[in-house]
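Peer 1: Next up is a structure, given as structure tokens.
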Amino acid sequence: MKTRELVALYNTGHRGINSLFAKAHSASWDIENDVDWGLAVQSHDPLVTDGWSPFSSTAAFRSLPEDVKAYVNRRGVGFILNTLQVGESVAQNVCAKIALKVHEEDYRNHAVAQAMDEARHHLAYRRLIEKMNEAVEDIDAVSEARLDAVLAFEDPTYLIAGEQFYLENQAMDILESMQKHACHPLLSKILTLTTRDETRHMGFGVLYLAEWLKRHSLDDQIILAEGILNASLDVIMDRPGKVMLARVLRRLQAAGVSNLEELGERMLAEQQAINENEHSSIVAGKRLPHLLKSARRAGFMKPEILEALHLDKHPLIMGALRGEPDPIVTDDVTS
């Protein structure tokens, strides 16, 4: 980009996107003064209650001693926080790319403001991990591959679709679940503040893609929708199973639990029943993951797109369409 291109940047006038930039300032928070870093995080402190993560809501897990459950949950929190802090670094890189590549003033402004949010989130998660004062598990290979794929994008639309839409919506379900079960005040405060910001970030992804769909041909819409919808469905259908159970069993073994084979079989059977209930709830349109809600709201579930992709009869898509009609995205994220 040359200086002459920056002399008079074009602002799309989109009320929603310009509003999000304003909210980035009015709703901002101070990492030093709005978080009480003097709060201790003792090694025995429970951080979340049972039920926040896969297998922790099974009867087999709930029957374990309290100190064992607290240890396993705490290890799970450390693993997620480590994944989140890496994800925030990726998001910061993506926002920097977007700001350098787009010419629309309001899009650039939001990307730069979001980069500051992501830097603050990264630092907050890192500080919390340090206060836990224990080694955390490395991120898993699947998450790393997804993050690498987004970092490799160069086209602004795919950067926004990959990070602002796909990853932000996916992370929001994790954050909301952890926030609901957080029982340590420091963890609860950080999650409350970061979740508030992430809602704004998701909004930008939805609004940008909704505008993109309006400006492009049906063939182009179908190509972009195929990647977003298939990736979203893969995530939602990938319910907790043996791979995730193996990680939980390693934590249980480290906590001194011995009857792992029998316990693992019970936990797996009970989690599969939970998976089936959650799947049925989504198919019925009663509880929808953010990815499905946002995909519908942005316009990726238009009949002509779904028919072209042969997804119009997919149970999860049909569930998303059974839910209450979403607000129509026009020129305001809250319309």
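Peer 1: When the chain is modelled as a GNM with alpha-carbon springs shorter than 10 Å, which of M116, M267, M237 fluctuates the most?
Peer 2: M237
Peer 1: Right, here's the next one. Can you give the FRET efficiency to the nearest 0.05 for T49 and L151, using r as the Cβ-Cβ distance and R₀ = 45 Å?
Peer 2: Working: r = 35 Å, r/R0 = 0.77.
Using R0 = 45 Å, I get an efficiency of 0.85.
Peer 1: Taking the convex hull of the alpha carbon atoms in segment 49-88, what volume per residue do you get, in Å³?
Peer 2: Numbers: hull volume 2.2 nm³, N = 40.
Enclosed volume per residue, from the Cα hull, is 54 Å³.
Peer 1: Work out from phi, with θ = phi - 60° and the Karplus expression 6.51 cos²θ - 1.76 cosθ + 1.60, the ³J(HN,Hα) of each residue of segment 83-96, listed in order in whole Hz, and give x for Gly and Pro.
Peer 2: Once rounded to whole Hz, the list reads 5, 5, 5, 5, x, 5, 5, 4, 4, 5, 4, 4, 4, 5.
Peer 1: Moving on. Report the full-extension gain for the segment E32 to E144: residue separation times 0.36 nm, less the Cα-Cα distance, to one decimal in nm. Show your work: numbers first, answer last.
Peer 2: Values: separation 112, 0.36 × 112 = 40.32 nm, distance 2.99 nm.
Answer, rounded to one decimal: 37.3 nm.
Peer 1: Out of every Cα pair in segment 108-234, what percent are spaced more than 22 Å from each other? Provide the component values of the computation, followed by the final result.
Peer 2: On the way: 3454 of 8001 pairs.
Cα-Cα pairs of segment 108-234 separated by over 22 Å account for 43 percent.
Peer 1: Here's another thing I want to ask about it. Subtracting the Cα-Cα distance from 0.36 nm times the residue separation, let me have the gained length for I223 to T195 in nm, one decimal. Can you show the working numbers first?
Peer 2: Details: separation 28, 0.36 × 28 = 10.08 nm, distance 3.06 nm.
Length difference between fully extended and current span is 7.0 nm.
Peer 1: Further question: How far apart, in nanometres, would the label points at R62 and T3 be if each is projected 7 angstrom from Cα along the Cα-to-Cβ direction?
Peer 2: My value for the distance between the label points is 6.8 nm.
Peer 1: Here's something else I'd like to know. Given H placed 1.01 Å from N in the peptide plane, which residues other than close sequence neighbours of V48 have an amide H under 5 Å from its amide H?
Peer 2: C183
Peer 1: I want to verify the translational diffusion coefficient of the chain in µm²/s; compute it with Stokes-Einstein, Rh as the Kirkwood radius over Cα pairs, at 4 °C and 1.567 mPa s. Don't skip to the answer; put the middle values down first.
Peer 2: Numbers: Rh = 21.3 Å.
Rounded to a whole number, D works out at 61 µm²/s.
Peer 1: Evaluate the Debye formula for segment 5-94 with equal point scatterers sitting on the alpha carbons, no solvent, and hand back log10 of I(q)/I(0) at q = 0.13, 0.15, 0.26 Å⁻¹, in q order, two decimals.
Peer 2: After summing over all Cα pairs, the log10 values are -0.74, -0.85, -1.25.
Peer 1: Mind pulling the angle between the C-alpha long axis of helix 15-26 and the longest principal axis of the chain? Nearest 10 degrees, somewhere in 0 to 90.
Peer 2: 50
Peer 1: Hey, if you put +1 on the Cβ of every Lys and Arg and -1 on every Asp and Glu Cβ in segment 137-253, which of I223, Y166, T195 ends up farthest toward the positive end of that dipole?
Peer 2: Of I223, Y166, T195, it is T195.
Peer 1: Let me ask something else about it. Could you work out how far helix 105-132 tilts from the main Cα principal axis of the chain, as a 0 to 90 degree angle to the nearest 10?
Peer 2: Approximately 10 degrees, to the nearest 10.
Peer 1: While we're here: Excluding same-chain pairs closer than 8 in sequence, count the lysine pairs in the chain whose Cα atoms lie under 14 Å apart.
Peer 2: Numbers: K2/K101; K180/K189; K214/K302; K293/K302; K302/K313.
Step by step, the pairs that qualify in the chain add up to 5.
Peer 1: Can you tell me the dipole magnitude for the chain around its Cα centre, using point charges on the Cβ only (Lys, Arg +1; Asp, Glu -1), in Debye to the nearest 20? Display every interim value, and only then the final one.
Peer 2: Numbers: 36 positive and 49 negative charges, 69 e Å.
Rounded to the nearest 20 debye, it is 320 debye.
Peer 1: Next question, about the same structure. To check my understanding: the extent here is largest minus smallest coordinate of the Cα atoms along each principal axis. What are those three numbers for segment 205-335, in Å, largest first?
Peer 2: 60, 28, 25
Peer 1: Figure the gain on full extension for R287 and C183 (residue separation times 0.36 nm, minus the Cα-Cα span) and round it to one decimal in nm.
Peer 2: Full-extension gain reported as 35.0 nm.
Peer 1: Run a plain Debye calculation on segment 102-167 (Cα atoms as equal point scatterers, no solvent) and give log10 I(q)/I(0) at q = 0.19 Å⁻¹, rounded to two decimals, same order as the q list.
Peer 2: Once normalised to I(0) and log-transformed, intensities are -0.93.
Peer 1: With everything on Cα atoms, drop me the angle between helix 185-215 and the longest principal axis of the chain, reported from 0 to 90° to the nearest 10.
Peer 2: Helix 185-215 and the main axis of the chain meet at about 30 degrees.
Throughout, read-outs are computed from the coordinates displayed, never taken from laboratory work. All values reported here derive from a predicted model rather than from experimental measurement. When we count neighbours, we look across all protein chains shown, and the Cβ atoms used for this are built from the backbone with ideal geometry, even at glycine.
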